[in-house]
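One structure is given below, encoded as structure tokens.
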Amino acid sequence: MKLYLTTLLLISLTVTANAAIFMTNSPDADAFVRAAAPTLNYGAAGALSVSGPNGTNSSGVTNGAFDSFIRFNTGAMVSNFNAAFGTNNWVITSATLNLTENANPGNAIFNIGTGAFEIRWIANDNWTEGTGSPMATVTNGITYSEEPSLLNSNTDVNLGIFTNAGNAKLSCALPLPTAFVTNMQAGGEVGLFMTAIDSAVGYVFYSINFAGNASSHPALVVSAVAQPGLTGTTLAGPNLLLSATNGVAGGTYYVLTSTNLTSPPSQWTPVATNVLAASGNFAITVTNGVNTKAQNFFILQTQ
């Protein structure tokens, strides 16, 4: 009996397994918008704000709802990950949005107060920061009235609800839904939208235009590790044991197979799934994976 078994290796291992690299992305645009001034722009302000409609300033005056938009360009991050791991041979393992509160904003326009707010990934990055500020408003950038044209519940993804509890620094650990990850991996613009959950929250935090310490600016910190890949095969009766490396703790891995290496991805057949409980080297069993009639190719896919 002649066996034809070919394993397609996805990566060449050039780094230590599971050695994560962290990259900090600074915004290339950010702005807050106000329901009370729906046609005015505040893109050049030194602060951003998320406030509910019942939020008040330090004097108890209600200033209405505030939302904020932040946009990051991940081009430099992708280039650095490619240099470290090989082009596209890496997997994003975490994303954290770091914010620094301005607990005593110097302008009475801002509401203050603790409470919950939502962070959302948005698919539409077609907005302009603008040059307005609370002291000198303009109409040349994003405004509250533009929100309906920028937000889309069919494409945008909720990244979680977070709480301003009066902390100077707030680190928001974001989940990694497919659309968000794909957007970050593309090396282009990645947009986030922030809106109040609690009606009285008044969270003010520094923007990219804050002239003080740059460490107070918003930052999207993303980590990546080497792409898990197949390294070898072992026969176990009718089963095929595939050795793999660079596993990520808790990661989900799929083995796909095809008899034609040039087949499009949609024509590869899933033959095994493994939910990894530990990181590093691991193995996946393809039940009845030994094929006596055809040459098989195998790839490892993550999700």
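No value in this document is a laboratory result; all are computed from the given coordinates. The structure presented is a predicted model; accordingly, all values stated were derived computationally and were not measured. Note that each Cβ is placed from the backbone with ideal geometry, even for glycine, and that neighbours are counted across all protein chains shown.
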**Study point:** Histogram of C-alpha separations across the stretch 228-302, 10 Å bin width, %
**Key:** 20, 52, 26, 2
**Study point:** Inter-part distance where the stretch 46-110 and the stretch 219-252 are each reduced to a Cα centre, Å
**Key:** 33 Å
Practice item. Take peptides 157-165, 223-231 and line them up by average Cβ neighbours within 10 Å, highest first, as a rough protection proxy. Key: 223-231, 157-165
Review point. Semi-axes of the equivalent ellipsoid of the stretch 21-225: what are they in whole Å, largest first, if each equals the square root of 5 times a C-alpha gyration tensor eigenvalue?
Key: 29, 17, 16
Check your understanding: P(r) for the stretch 148-303: what percent of alpha-carbon pairs falls in each 10 Å bin, starting at zero?
Key -> 8, 26, 26, 18, 14, 7, 1
Revision key, fill the gap. Hull volume per residue for the stretch 146-193, using the convex hull of the C-alpha atoms, in Å³ is 126 Å³
Exercise for review: Mind giving me the FRET efficiency for L235 and Q295? R0 is 25 Å, r the Cβ-Cβ distance, nearest 0.05 is fine.
Suggested key: 0.95
Check your understanding: Per residue, how much space in cubic angstrom lies within the convex hull of the C-alpha atoms of the stretch 65-183?
Key -> 144 Å³
Review point. Hey, what did the chain get for relative contact order, percent, Cα under 8 Å, at least 6 apart?
Key: 28 percent
Point to revise | Ordering of 170-178, 191-199 by burial proxy (mean other Cβ atoms within 10 Å per residue, highest first) | key: 191-199, 170-178
